[in-house]
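One structure below.
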């Protein structure tokens, strides 16, 4: 065997490769896979047994009701079916509303709004209003108003804040009232109510007041 001083990094690497290539160092892949499957089986077995008992108990319960009172059995079955349909419909509608919200508001995040600045946001809001996307228009005006307040006080911008968190941030500021009005108009859409031209014009007037207060400098 070579002396320790004769071992170079390259020879050490070759020696390690030779050792790892020996048969007793080879990992049996199927052994690892079998062990993993066995572990998963042990983890899922109690759950499977619980579900089996629960489903079996429900089947026996409804079977007893059917034998004792068929009318009550069908009444319960129809009621549960209607409840399931209503639950599924609610899930679908909620998902569609969340998807629509993401599509409409995802076009401009708070971080993107900060990069564009309030002037460009106002321009985008007017364009959205012309396209009759009044919710997006009001969202852009709200963002522009917040950015103007942040710029007025030279405060660090917080892109992770929600609308309500911004309202709390300026709750002692005279600009809180118009800012809250804009947020309230947006809440109509979140509640499933339509936002039309009238709501947008109301929000645009409120934003004008907010912009004036933001330009006045300082808190009242």
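No lab work stands behind these numbers, since they all come straight from the coordinates. Source: prediction; values computed, not measured. As a convention, Cβ positions derive from the backbone with ideal geometry for all residues, glycine included, and neighbour counts pool all protein chains shown.
Counting other C-beta atoms within 10 Å, which of 39, 189 has the fewest, and how do the rest follow? List each step's numbers first, then the result.
On the way: 39 10, 189 21.
Arranged by neighbour count, lowest to highest, 39, 189 become 39, 189.
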Exercise. How do 188, 176 rank when sorted from fewest to most other Cβ atoms within 10 Å of their own Cβ?
Worked result: 188, 176
For this session: List, largest first, the extents of the alpha carbons of region 108-216 along their principal axes, each in whole Å.
Result: 34, 26, 26
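Between residue 64 and residue 51, what is 0.36 nm times their sequence separation minus the Cα-Cα distance? Round to one decimal in nm. Before the final figure, lay out the partial values.
On the way: separation 13, 0.36 × 13 = 4.68 nm, distance 1.98 nm.
The span from residue 64 to residue 51 would gain 2.7 nm if fully extended.
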Problem set entry | Label-to-label distance, nm, for residues given as residue 72 and residue 162 (7 Å Cα→Cβ offset) | 4.5 nm
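Please order 123, 53 by the number of other Cβ within 10 Å, starting at the fewest. Each step should come with its number before you reach the end.
On the way: 123 13, 53 10.
Fewest-to-most Cβ neighbours within 10 Å comes out as 53, 123.
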For this session: Round to the nearest 0.05 the FRET efficiency obtained for residue 85 and residue 131 when R0 = 41 Å and r is the Cβ-Cβ distance.
Result: 0.65
